[in-house]
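Visitor: One structure is given below, represented as structure tokens, and several questions about it will come after.
The values are calculated or read from the model by the stated rules, or taken from the named source; none is laboratory data. In this text the structure is predicted, and so the values were computed from the model without any measurement. Every residue, glycine among them, receives a Cβ derived from its backbone with ideal geometry; neighbour counts consider all protein chains shown. Surface areas here come from the heavy atoms of the whole protein model, side chains and all, with no ligands, DNA or RNA. Shrake-Rupley method; radii C 1.70, N 1.55, O 1.52, S 1.80 Å.
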Amino acid sequence: MPLLNKVRTAVSGGTRGDTAPLPLTRLRSALTLFFALDGFLFAGWVVRIPAIKQQTGATAGDLGLALLGVSAGAVVTMTLTGRLCRRYGSHPVTVATAVLLSLSLALPALTRSPLALGLVLLVFGAAYGGINVAMNSAAVDLVAALRRPVMPSFHAAFSLGGMLGAGLGGLVASVLSPTAHLLGLTVAGLLLTAAAGPVLLRHPSPAPPEALPTPARREPGPARRSAGARRTVLVFGVIALCTAYGEGALADWGALHLAQDLDAHPGVAAAGYSLFALTMTVGRLSGTALLERLGQTRTLVAGGLTAAAGMLLGALAPSVWAALLGFAVTGLGLANIFPVAVARAGALTGPSGVATASTLGYGGMLLGPPSIGFLADWFSLPVALTTVAVLAAGAAAMGWAARDRRAPGAR
């Protein structure tokens, strides 16, 4: 409790109102690094999926079923991570799951059959789901303590990590085997965790959001906990799901679409996700300014419609360069929808809203790739990828429909 009192005092004091206290600055830097590490490791895996597919002799349907292992592992872990965070704190859970994610990344390259791939992806998915829930829980507490809408910056770090991971994967795709590449990423992940982990372990999470008297929040009451508020949280959770579906689909199938359907060079195919991650990073880095200018509803609607148009181009374009342009536009459109949806859900019902929206959102990211695989078997991969555009347009429609369901203090 003395530490919480110190944090509260530091948040309200200082020589400049817009400068965060040093402990919170350190926490923000360390947490940002974990978001970047998560994106970096995940991208390193996805750009080697075509090679792993060939190595295991999997068909598109087999690969989709194996990728379901990631989804299954993550969903199970997500339901438990919230309890672990409440019991042990979100910071230790973040560090522990980062170690597990780094170690599990090396496993897919050691498999030689779709069944073995699916089994090891259960472990990878468990670590991936766990770290994402733990990181977002930590970020929500820190954003409330900082009293600044900086949530998009954490997700920008994830996208930047994804861009770097995909870019590195494209560079080494024709030089290193999947085994050497993923083992190298495991070592890098463990080293980065060892560097940033002690900061999180030494400093517990700041005061929970409801304990900080920020202008944008108020103490939860009966109205906040009403059935209507819970339904609205589910709406924003579904919006997060629709947009994360697109991010997961492009991560797992974008490179394969460029290589298989458009005969792109392996390096160019890997650059597709890197370009998508780059534009998403740019969009999220400008997210705070965009929200201040347009407001949350217009940001959601404009982003959804932009992503829908970009994905139609990316999926159906007859040339590699047009498809790459579509991927770039899709990244800009999807950039801020997920963080805005999670933030609005949390503003309505507190941490439980964040947990619900995050779980639905990351569930969409993990369930999207196997769904794309099954649809690719039934129809074709380009047709399957158009479902990303359909869901992005649906997210825009839901964001507009929920425009009057505003959080306390929201613009």
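Visitor: On the accessible surface of the chain, probed at 1.4 Å, how many percent belong to carbon and sulfur atoms?
Guide: 68 percent
Visitor: A further question on this structure: Roll a 1.4 Å probe over the protein chains and send me the accessible area per residue for the chain in Å². Show your work: numbers first, answer last.
Guide: Numbers: 16350 Å² over 411 residues.
Result: 40 Å² per residue.
Visitor: Now for a different question. Take the Cβ-Cβ distance between R112 and S29 as r, set R0 to 45 Å, and report the resulting FRET efficiency rounded to the nearest 0.05.
Guide: 0.65
Visitor: Right, here's the next one. Project the alpha carbons of the stretch 38-169 onto their principal axes and report the range along each, largest first, in whole Å.
Guide: Computed over the Cα atoms, the extents are 51, 32, 22 Å.
Visitor: R112: accessible area at probe 1.4 Å, nearest 10 Å²?
Guide: Using a 1.4 Å probe on the heavy atoms, I get roughly 150 Å².
Visitor: Further question on the same structure: For the stretch 218-327, take every pair of Cα atoms, bin their distances at 10 Å starting from 0, and report each bin as a whole percent.
Guide: So the P(r) values, bin by bin, are 13, 35, 28, 15, 7, 2.
Visitor: Then there is this: Assigning unit charges at the beta carbon (Lys, Arg +1; Asp, Glu -1) and nothing else, what dipole magnitude in debye, to the nearest 20, does the chain show about its Cα centre?
Guide: Around 1700 debye, computed over the chain.
Visitor: Taking the convex hull of the alpha carbon atoms in the stretch 243-295, what volume per residue do you get, in Å³?
Guide: Convex hull volume per residue, Cα atoms: 79 Å³.
Visitor: Taking only the alpha-carbon positions of the chain and ignoring solvent, what does the Debye formula give for the base-10 log of I(q)/I(0) at q = 0.10 Å⁻¹?
Guide: One equal scatterer on each Cα of the chain leads to -0.61.
Visitor: Mind pulling the angle between the C-alpha long axis of helix 320-334 and the longest principal axis of the chain? Nearest 10 degrees, somewhere in 0 to 90.
Guide: Tilt of helix 320-334: around 20 degrees.
Visitor: Quote the accessible area belonging to Y88 in square angstrom, nearest 10, computed with a 1.4 Å probe and with ligands, DNA and RNA left uncounted.
Guide: 130 Å²
Visitor: Using the 2.2 N^0.38 Å rule of thumb for compact globular proteins, work out how the stretch 134-182 stacks up: its C-alpha Rg over that value, please.
Guide: Against the empirical 2.2 N^0.38 Å value, I get 1.66 for the stretch 134-182.
Visitor: If the viscosity is 1.306 mPa s and the temperature 10 °C, what translational diffusion coefficient in µm²/s does Stokes-Einstein give for the stretch 253-411 when Rh comes from Kirkwood over Cα pairs?
Guide: Diffusion coefficient, whole number: 98 µm²/s.
Visitor: Calculate how steeply helix 381-401 sits against the longest principal axis of the alpha-carbon atoms of the chain, using the helix alpha-carbon long axis, and give the answer as 0 to 90 degrees to the nearest 10.
Guide: On a 0 to 90 degree scale, this one is about 20.
Visitor: Ok, one more. Got a sec? Charge dipole of the chain, +1 on Cβ for Lys and Arg, -1 for Asp and Glu; which of A66, L168, L241 is way out at the positive end?
Guide: The listed residue farthest towards the positive side: L241.
Visitor: Shifting gears a bit: Between the stretch 133-192 and the stretch 47-116, what is the separation of their alpha carbon centroids in Å?
Guide: One Cα centre to the other: 15 Å.
Visitor: Using 0.36 nm times the number of residues separating T179 and A397, minus their current alpha carbon distance, what extension gain do you get?
Guide: 74.1 nm
Visitor: Expressed as a rounded percentage, what relative contact order does the chain have, with Cα pairs under 8 Å and six or more residues apart?
Guide: Values: 760 pairs, mean separation 96.6, N = 411.
24 percent.
Visitor: Related question: Once ligands and nucleic acids are excluded and a 1.4 Å probe is used, how much of L171 is accessible, expressed in Å² to the nearest 10?
Guide: Near enough 130 Å² of accessible area.
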